[in-house]
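Working notes, beginning with the structure itself.
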Amino acid sequence: MSCCSLSNEALKNLNGKMNFFSDLLQFAINRLSKVTVILLLLGAFGIPGNANAQNTSSPYQVPEISGTPLQELKIALDVGHSLASVGATSATGRGEYEYNAETTRTIAGILKAAGAEVVIINADGMMKNLYERGPTARQSGADCFISIHHDSVNNKYLDTWTYQGRELSFSDRFRGYSVFASTKNMAPKSSRTLALNVGKALYETGMRPTLHHNEPIQGENRPLIDKRYGVYEFTDLVVLKTSPMPAILLECGVIVHREEEQLVRKKEYQEMIGKALVVALSESMKSGAISTGDKKGIFSKQKPLFPFFRPKSDSTSTTSTSEQSPEKPEEKKNEPGVLNRLFKD
Ligand SMILES: [Zn+2]
């Protein structure tokens, strides 16, 4: 046999080498297993300290803001509604105004951290006249105007439930954000661009819009500018058409939806919206849709207010009480529902 032709010495050497390679292989397998286990653990729980790592427990990708991209930008944040007229009532019976005020404060903190100057319109909840808000923002020298709201649905979708002994209305049918712009705004293209950038930035966090304002029913029927990003045209929204600067209205979530109401209460959710706004405003500055310190243009901070931004005196705005004159006409034109809540203050 050919193998028997090897000497005993040669066989010993061969066995020794084979044992060595076998041990080496075993060692490598052990190490590999440990590395594999570590990699699997890191994949499952995220890499500590890496802010970009996907958090498997959250469906959201919160934008990371570095530096101060909003340097020199002055933003007017409008707290929707007022103490006297709180807007929509949430599923747990809380007034929309409280959500608007809380979220606005959180967003303001995020925008300031990104380098912006922020002026809050209706900070004390005492501003009842919607027609004052845009002009007040202009007087403060703001470059753009963002009205913060929380949403409801048409009355026909509301059911009742008992919460803490109170019978309240809710609807779990629609949830999500909406962004509105008006072609009657003095800067309709810039407003539209800002609205699209905001819708896109929110979408990219993983948030999704609600499309119920597009339903062809009285009180809704708002044309969609962008269905994917939840951006609507809302021509006669008072705070948008009377703001002498790029302006949008943001519905942060649907508070008659029982789960979404709990979500919008969370500071992390509010901060995520703030960071998405930083991204959107930064994009709008880069594209020129929003300019800072435009002293010579139509948005000049030096110019006086335009007289036609005062409340109109025609039949569409004089038939109501002095307290709520701006929005009463729309209430008369439409059935109760979300449209009224958007107008109501
Ligand atoms: Zn509202």
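Would you check if there is a residue in the range 54-62 being within 30 Å of residue 281 (Cα to Cα), crowded, with 16+ Cβ neighbours inside 10 Å, out of contact with any Phe, Trp or Tyr (no Cβ under 9 Å at 6 or more places or on another chain) and at pLDDT 90 or above? Yes: one or more hits.
Checking each residue in the range 135-167 for being crowded, with 21+ Cβ neighbours inside 10 Å and within 16 Å of the ligand (Cβ to nearest atom) picks out 145, 146, 147, 148, 149, 150, 151, 152, 153, 154.
Only one of the listed residues (248, 217, 255) is surrounded by fewer than 21 Cβ atoms within 10 Å (Cβ to Cβ) and β-branched (Val, Ile, Thr). That residue is 217. Pairing residues of the range 286-300 that are within 17 Å of residue 76 (Cα to Cα) and at pLDDT 75 or above with residues that are surrounded by 14 or more Cβ atoms within 10 Å (Cβ to Cβ) and polar (S, T, N, Q), at Cβ distances under 9 Å and at least 6 apart in sequence or on separate chains, gives 289/190; 289/191; 289/193; 289/197; 290/190; 290/193; 290/284; 291/190.
Per-residue answers, yes or no, for (1) touching a helix residue (DSSP H, G or I) at 6+ places or on another chain (Cβ under 9 Å); (2) closer than 18 Å to residue 61 by Cβ; (3) more than 16 Å from the ligand (Cβ to nearest atom):
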site: 250; (1), (2), (3): yes, no, no
site: 255; (1), (2), (3): yes, no, no
site: 261; (1), (2), (3): yes, no, no
site: 265; (1), (2), (3): yes, no, yes
site: 277; (1), (2), (3): yes, yes, yes
site: 281; (1), (2), (3): yes, no, yes
site: 288; (1), (2), (3): yes, no, yes
site: 293; (1), (2), (3): no, no, yes
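Looking only at residues of the range 125-155 that are of a type in the set (A, V, I, L, M) and under 24 Å from the mean Cα position of the chain (by Cα), we find that the one that is farthest from residue 197 (Cα to Cα) is 127.
Surrounded by fewer than 16 Cβ atoms within 10 Å (Cβ to Cβ) and under 17 Å from the mean Cα position of the chain (by Cα) - does that describe any residue in the range 173-188? There is no residue in the range 173-188 that is surrounded by fewer than 16 Cβ atoms within 10 Å (Cβ to Cβ) and under 17 Å from the mean Cα position of the chain (by Cα). Counting only residues that are outside any loop (DSSP other than H, G, I, E, B) and within 25 Å of residue 165 (Cβ to Cβ), the range 69-107 holds 7 of them.
Can you name the residue in the range 66-88 that is of a type in the set (Val, Ile, Thr) and crowded, with 18+ Cβ neighbours inside 10 Å and is also farthest from the ligand (Cβ to nearest atom) among such residues? The selected residue is 75. Put simply, of 114, 101 the only residue that is within 16 Å of the ligand (Cβ to nearest atom) and under 21 Å from the mean Cα position of the chain (by Cα) is 101.
The values are calculated or read from the model by the stated rules, or taken from the named source; none is laboratory data. No experiment lies behind these values; they were computed from the predicted model shown. For neighbour counting, all protein chains shown are included, and Cβ atoms are generated from backbone atoms with ideal geometry for every residue, glycine included.
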